[in-house]
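The values are calculated or read from the model by the stated rules, or taken from the named source; none is laboratory data. Bear in mind the structure is a predicted one, so any value in this text is a computation, not a measurement. Virtual Cβ from ideal backbone geometry, glycine too; neighbours counted across all protein chains shown. Accessible surface areas use protein heavy atoms only, side chains included; no ligands, DNA or RNA. Shrake-Rupley method; radii C 1.70, N 1.55, O 1.52, S 1.80 Å.
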Amino acid sequence: PGGNTINAQILAPHIPDKKLFVVRESLRQTILSRLKTIDFLAITGSSGMGKSILSLQAVEAQRNNWERISFRGIKSEYIRAIVNGLCDTTVHAPQNIILDDINFGQDYSVYSDAFEQFVLQLRAHGKEVIVTSQKKIPSQLASRLGLSTNNELHIPVFTAEEIKELLQLNNCPQS
């Protein structure tokens, strides 16, 4: 009563303009290969390395079987509220889910129990889960989720060739 309303958008995976992004094919194939044998994959790496785009590229062929929820810029206490609300609405939905840009920073403990419950429910109902984050899933949470090193894929920085391709795709001047 008297609290704030928190809205989260559950969206179909969609890449707005595919021509603007480099396809990092070997990483995309690694994601697809891992998802054949595991039901949870954390894609981690520095800001701007293409984690979100890679997750979208990986599920592109089956995008009707996936939904995406973006947590970009959402505070930890709101993440907890959103994840708690999602437990009731998405667990029985037929789609797999991308939890995009989860912040596993210092205050992740505010939502770790809700996150754990949500992910375990999804997995118990046969769903695949992709999480993108700048930080690794904290070891205690990873342990409670039953994750191994195979459940994480670290995205490296762009190569010089990938940077050159990005510049060309985006019509940037080159020296």
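Give me the pairs: first residue in the range 152-163 and closer than 23 Å to Leu41 by Cα, second residue open to solvent by less than 80 Å² (accessible area, probe 1.4 Å) and assigned to a helix (DSSP H, G or I), beta-carbon distance under 6 Å, and six or more apart or on different chains, which are they? Listed pairs, sorted by first residue: Ile155/Lys51. Condition first: open to solvent by 50 Å² or more (accessible area, probe 1.4 Å), of a type outside the set (S, T, N, Q) and within 21 Å of Leu166 (Cα to Cα). Can you find one or more residues in the range 43-56 that meet it? There is at least one residue in the range 43-56 that is open to solvent by 50 Å² or more (accessible area, probe 1.4 Å), of a type outside the set (S, T, N, Q) and within 21 Å of Leu166 (Cα to Cα).
For residues in the range 139-168 being under 24 Å from the mean Cα position of the chain (by Cα), over 30 Å from Ala124 (Cα atoms) and not acidic (Asp, Glu), which is modelled with the lowest pLDDT? Checked the range 139-168; the qualifying residue modelled with the lowest pLDDT is Leu166. Take the conditions in contact with a strand residue (DSSP E or B) (Cβ under 8 Å, 6 or more places away or on another chain), on the phi < 0 side of the Ramachandran plot and assigned to a strand (DSSP E or B) and apply them to Ile31. Does it pass? So Ile31 fails the test.
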